[in-house]
Structure formats: C-alpha cells, structure tokens
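The values are calculated or read from the model by the stated rules, or taken from the named source; none is laboratory data. Note that the coordinates shown come from a computational prediction; the quantities given were computed from them, not determined experimentally. A quick note on method: Cβ atoms are made from the backbone with ideal geometry, for glycine too, and the neighbour counts reach across all protein chains shown. Protein only, heavy atoms only, side chains kept; ligands, DNA and RNA dropped before computing areas. Shrake-Rupley method; radii C 1.70, N 1.55, O 1.52, S 1.80 Å.
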Amino acid sequence: MLNQGDKKDSFDFTFLDRDKINYRNYHERLMGLLRVGGVAVFDNTLWGGTVAMHGDDILEWRISVRQAMIELNEVKEEEVHLIATMANRVVAKSTSPSKGLLQSNELYQYVLETTVYPREPKPLEELRSITTSHPRAMMGTAPDAGQMISMLLKVVGAKRTIEIGVFTGYSLLLTALTIPDDGKIIAVDVDRDAYEMGLSVIKKAGVKHKINFIQSEALPILDQLLEDKENEGTFDFGFVDADKVNYWNYHERLMKLLKVGGIAAYDNTLWGGSVAMPEEEIAEWMRPGRQFTIQFNELLAQDRRVDICLAPLGDGITICRRIC
Ligand code: SAH
Ligand code: CA
C-alpha cells in the first residue's frame, strides 16, 4: 500500500492485534499510511504484565513476544502522541489510588516510565513536583490518566471545555497546553489556594489566558451557565474530578452543555478498586465514595444519551460521548 502513492497519509484508524513480533514493523508502515491526526491502537502491549517482570518468572512461550512489546513501548518518536497502554484489565488489588489499578506497582511504574513520563510536557512535570508538598498531593490526576485526557482532547479537537475540581491544576494545565491558543476553559473549584499553588507554572507555560478560574461550588456555576440558552450544546469537553456525591448532578448538566459528539470524562470511577470489593474489606473513609461511585457507574451504564467506556487508568476514568 505504501508503494501506491494514493494510500499514503490516507487512513484514519488502525487496530493491530496479531503477530506481536512485527508490531514495530507495522508501526513503521503505519506512520506512512495514517493521516496526521490518525490513530493506531496496539493491543496486548503489557503482555500479561510480563513486560514488568523478571525474565526468570515468565513462561517460555511468552518471552519472545515480551521482548517485542518492550521494544515497541520504547518507541519514542516525537511525531506520535502515545497514551498509556492498558491491555489486560486486571484485578484491582490496590486500595491506594496513587498506585494505580494494575496488577502490580512494578507494572504501573513500567507504564509510567516507558510511555507517560518520557512524553510528559515539562510544565506538567514541574506542577507535579510542586504538588508533592501539598498534604493532599495524592488527589492530583494520575499522569497516565492525564495522557488519556490529552489524547481525547486532541481527537475531538476540543476548544471549549469545563473542568470541575482543579486542585493544583494538573488536568487543568494539561488541557490548557492541549487546546488551541484561542481555546477556553471554565475551571471551578471551591479551593483557590490549591489553584494558586500551581499558578506560577501555568503562567510560565503561557496558557493562563485560556483559563477562567471560578472559586465556587461547581453545581451552581453549571446551572448559571445553563440559564443562558446560548451555552447549550457549545462545549466540546468536560472533566469531572470533584465531589463524587454530585457526579450524577454534574452529568445531567453536562448532557445539556456539551455538543452532541462532545465528551465528558469522570475520574476515580473505580475508587481505588473498592467498587469490586466487599464493603467490610475497605477502609471506613472510602465507603461513602465507593457507594456513590457504584451508583454512578450503574446509572451511566443505563444512560442511552451516551456511549461509555471505563478505562482502568489512574484510578479509573469513565469516558462518555454524548450521542443525542
Ligand atoms: N483534577 C485535579 C484534582 C481534583 S481533586 C488535578 O488534576 O489535580 C478534587 C478537587 O475538587 C479539590 O481541589 C476540591 O477542592 C474540589 N471540590 C470538592 N468539592 C467541590 C465542589 N462541590 N465544587 C467544586 N470543587 C469541589
Ligand atoms: Ca481524581
């Protein structure tokens, strides 16, 4: 196909799911066949978790493919935007959201180190480092989930977005860095101090002009936006990462504010993996959040206004695309 000139740069999408040994070779060809902005999805890129295990612990038949995966994951060409690989949905064993939900910390580190950190924009890295001094640093968006959000923003070509739950601004800054120069973000949080902690990085990155930060409870702000009919169906993207008890209320508002085809992403929808554990086994403080999350996930699954996908990245992130 590459030799037929008219096929070059012409494909929108590819899914690859065979013959892992050739993934590198397929990737090379696809960089010629896909259009700029096109997407390639490689399946099984964690290869049963073996990519982060020692050679001795791995069954013989898995070794050669494991090597091919490791090499593929190390491809770092600047022209491709990667997202954390998330094959093999595995049992959530961790109760701490900061460790991610994969089968081991080693595997989570592997994803971060091969795919996320090498491509993380410098200002985000700096913001993450400033945030470590905050007593609630673990609330910051997981960088692997962040990479997914940035990918989604690019795929939908987002320009107008809403951010509920800013904290020190990791997801806010990554949105601001991703949308075009005349893009706009309405960002709401009750806590201005946390936002101000990251503000110098946002300013230095030259993206402050895209952000309208509002210190408030989020729900009244969404209602206020909806009072003006002109705002209906005008937003491309919403990221919700604040009080879980209101997730469904936020969703109801976003279904009016988003364009058809627009995306709402909800963070922490696996709640440290606790959604699939018996209540007695989890810490007391996590129980209310677990209950709200379980209800929210059930409601979304029945909601015909959206396509949904629950990606087990970070602490679980549910992506909804408004379809009517
Ligand atoms: N997305 C952020 C993390 C958000 S943490 C990041 O990437 O770092 C959750 C935030 O939600 C906290 O900063 C908290 O102050 C805010 N919050 C909690 N309840 C809220 C409410 N009712 N309205 C608006 N913000 C709220
Ligand atoms: Ca979160």
**Prompt:** Do any GluC sites (Glu not before Pro) in segment 216-281 lie in a loop, going by DSSP, with at most 16 other beta-carbon atoms within 10 Å of their beta carbon, and if so which?
**Reply:** GLU217, GLU232
**Item:** Gain in span if fully extended, ASP193 to GLN4, counting 0.36 nm per residue against the direct Cα distance
**Value:** 62.3 nm
**Asked** What residue among ILE63, THR115, THR50 has its Cα farthest toward the positive end of the dipole of the chain, where the charges are +1 on Lys, Arg and -1 on Asp, Glu, each on the Cβ?
**Response** THR115
**Request:** Within the set of other residues whose C-beta is less than 11 Å from the C-beta of TRP248, count the net charge using Lys and Arg as +1 and Asp and Glu as -1.
**Result:** -1
**Message:** On a full-extension model of 0.36 nm per residue, what is the gain between PHE11 and SER133, subtracting their alpha-carbon distance, rounded to one decimal in nm?
**Reply:** 39.4 nm
**Message:** 7 Å from Cα along Cα→Cβ at both ARG304 and GLU125: what's the point-to-point distance in nm?
**Reply:** 4.9
**Complete:** Of all trypsin sites (Lys or Arg not before Pro) in segment 1-59, the ones in DSSP coil with at most 13 other Cβ atoms within 10 Å are ARG18
**Fill in**
Binned at 10 Å from zero, the C-alpha pair distances of the chain give percents of 6, 24, 33, 25, 10, 2, 0
**Prompt:** Within a Cβ distance under 15 Å of THR168, other residues only, what is the Lys/Arg minus Asp/Glu net charge?
**Reply:** -3
**Complete:** Set LYS154/LYS259; LYS7/LYS184; LYS184/LYS229; LYS159/LYS208, cut-off 25 Å on Cα-Cα distance; pairs above it are LYS7/LYS184
**Request:** State in Å² the accessible area per residue of the chain; use a 1.4 Å probe, count heavy atoms of protein chains only, and round to the nearest integer.
**Result:** 49
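Mean projection of the alpha-carbon convex hull of segment 142-267 over all orientations, in nm²?
Details: hull surface 27.8 nm².
Spelled out: convex hull of the Cα atoms, projected over all directions, averaged, 7.0 nm².
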**Message:** Multiplying the sequence separation of GLN224 and ARG287 by 0.36 nm and subtracting their Cα-Cα distance, what value in nm do you get?
**Reply:** 19.5 nm
**Prompt:** How big is D for segment 147-202, in µm² s⁻¹ as a whole number, if Stokes-Einstein is applied with the Kirkwood radius of its Cα pairs at 10 °C and 1.306 mPa s?
**Reply:** 138
**Message:** To test your reading of the geometry: what angle, between 0 and 90 degrees and rounded to tens, separates the Cα axis of helix 23-33 from the longest principal axis of the chain?
**Reply:** 70
**Request:** Obtain the nm distance between the two label points defined at ALA276 and LYS184 by a simple spin-label model: each point lies 7 Å from its Cα along the Cα-to-C-beta direction.
**Result:** 4.2
**Prompt:** Summing +1 for each Lys or Arg and -1 for each Asp or Glu, what net charge is found among the other residues whose Cβ lies under 9 Å from the Cβ of VAL306?
**Reply:** +2
**Fill in**
In whole percent, the fraction of accessible protein surface over segment 1-87 that belongs to carbon or sulfur atoms, probe radius 1.4 Å, stands at 51
**Fill in**
Here FRET efficiency (C-beta to C-beta, LYS203 to GLU60, R₀ 51 Å, nearest 0.05) is 0.40
**Asked** What fraction of the Cα pairs in segment 1-87, stated in percent, has a spacing above 14 angstrom?
**Response** 65
